[in-house]
Amino acid sequence: MKIKKYKAPSMPEVMKQVRKDFGTDAVILQSRQIKSGGILGLFKKNYIEVVAGYDPEPVKPAKKAAIRKEAPVLKKEMVREEIKDAPRSKEMEQVYKLLEAQSRQLQFRLTPEEQIIYDGLIQQEVLPDIALNIVKEGNDPGTASQEDSSTLKQAVHEKIEKRLEGLELGFTYNHKVIQFVGPTGVGKTTTIAKIAARMQLAENKKVAFITLDTYRIAAVEQLKTYAKILHIPVQVAYNKQEYRKYIEQLQDYDVILVDTAGRNYRDDAYLNDLAGWINPDEVTNYLVLSMTAKPKDFLDIYGKFDAIGIHGLILTKLDETEQYGNILNAVSSYSGIRIGYITNGQDVPEDMVDPTIKQLSRFIAGDEQ
């Protein structure tokens, strides 16, 4: 192995020298901050000193399987041991990121093309195990995917679409009463207005509103404003008895859209109370979720509300994010998911999308922003 020491005022300058001598296959063996120069020990300047190595002819071990398990861990632990006391400056953060990337590549045994696609899926917030499976499944050993990134990417698209085959699409309902449930701040009230307007204009339905969201005065006033514009009756129910009474009063309408209160989804008492407002066999429940939610929260929210009976999803705020991996994460974690609509703005009723599998695949792969 060739080993050489480098020194420069900043990490990018050091890395430029390393790449010039050793290329992208160099391994950082040691890194530290030093002071150098000056006159009579004064006016010294800060420098980054890096020891890098490169083996142009690595020895291939007889047992490859053992190396796959042991080499990445050994190299990673050795480097960590050598740089663990280094200060965490911005330059050093770049070193840590580089080491982690090298370690992941050694661990997963990905080609450069596979690594690019894997990193793209992670950028889309697809869970790491799902992303790795898709990349590996997408690489057919019989193709030239190592040389042709477009071939591999097309294969990955097909794998994503295959995983989405179990996803049901379209806003359907089997009951007159449709409840919209979900955590706070996901846009339930605006979404209800969009769906009501579409039902009136496209389906010629007689629509009525009931709101249970009496915790926020602004929510009641917002729904009343939409109701006035759309010429739709609206009732405010403060308890279960009033709720059932208004449902009976509105039986002449084709559809009753219900705006429930957004609360803390981790509060089991709230979820149990929500389930008791009406017989689950008499209502269709749509869970409204924001596409901006963190992956773990997205799955946790779905799991919590799924316990009270969810018939479909409405995904909101598509226009406020560039990460769409939550869709694939949910489909991979739960069965029988339906997406009714995806909303992408505040305009009523225009900003609402009827998604297709190919469109969702492009979103998840990062090809459509």
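Key figures for this structure:
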read-out	value
Under-5 Å amide H pairs with residue 205, H placed in peptide plane, nonlocal only	200
Lys pairs, the range 158-267 - Cα-Cα below 21 angstrom, 8 or more residues apart or on other chains	23
Heavy-atom accessible area order for 298, 22, largest first, 1.4 Å probe	22, 298
Largest to smallest accessible area among 192, 3, 122 [probe 1.4 Å]	3, 122, 192
Residues in the range 337-369 reached by a label modelled at residue 150 [backbone nitrogen below 17 Å; 7 Å Cα→Cβ]	367
Sequence of 321, 225, 214 when ordered by accessible area, the most exposed leading, probe 1.4 angstrom	225, 214, 321
Charge context of residue 340, other residues only, Cβ under 10 angstrom, K/R +1, D/E -1	-1
For the range 241-251, 3J(HN,Hα) per residue [Karplus equation, 6.51 cos²θ - 1.76 cosθ + 1.60, θ = phi - 60°, Hz, x = Gly/Pro]	5, 5, 4, 5, 5, 5, 4, 5, 5, 9, 5
Extension reserve of the residue 294-residue 204 stretch, reckoned as 0.36 nm per residue once the Cα distance is removed	28.6 nm
Label-point separation in nm, residue 334 to residue 51, each point 7 Å along Cα→Cβ	5.3
Residues with amide H under 5 Å from that of residue 164, placed H, sequence gap 5 or more	none
Vicinal HN-Hα couplings computed from phi for the range 295-301 (Karplus, 6.51 cos²θ - 1.76 cosθ + 1.60; Hz; Gly/Pro x)	x, 5, 5, 4, 5, 5, 4
Net charge contributed by nearby residues that have their C-beta within less than 10 Å of residue 286 (K/R +1, D/E -1)	+2
Convex hull (Cα only) mean projected area of the range 168-226, reported in nm² to one decimal	4.8
Net charge of neighbours whose Cβ lies under 12 Å from the Cβ of residue 316, counting Lys and Arg as +1 and Asp and Glu as -1	0
Sites residue 252 and residue 10 - FRET efficiency at Förster radius 56 Å, r taken between beta-carbons, to 0.05	0.15
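The values are calculated or read from the model by the stated rules, or taken from the named source; none is laboratory data. Keep in mind that what you see is a predicted model, and the values were worked out from it rather than measured. Virtual Cβ from ideal backbone geometry, glycine too; neighbours counted across all protein chains shown. We work out accessible area using only protein heavy atoms, side chains counted, and drop any ligands, DNA or RNA first. Shrake-Rupley method; radii C 1.70, N 1.55, O 1.52, S 1.80 Å.
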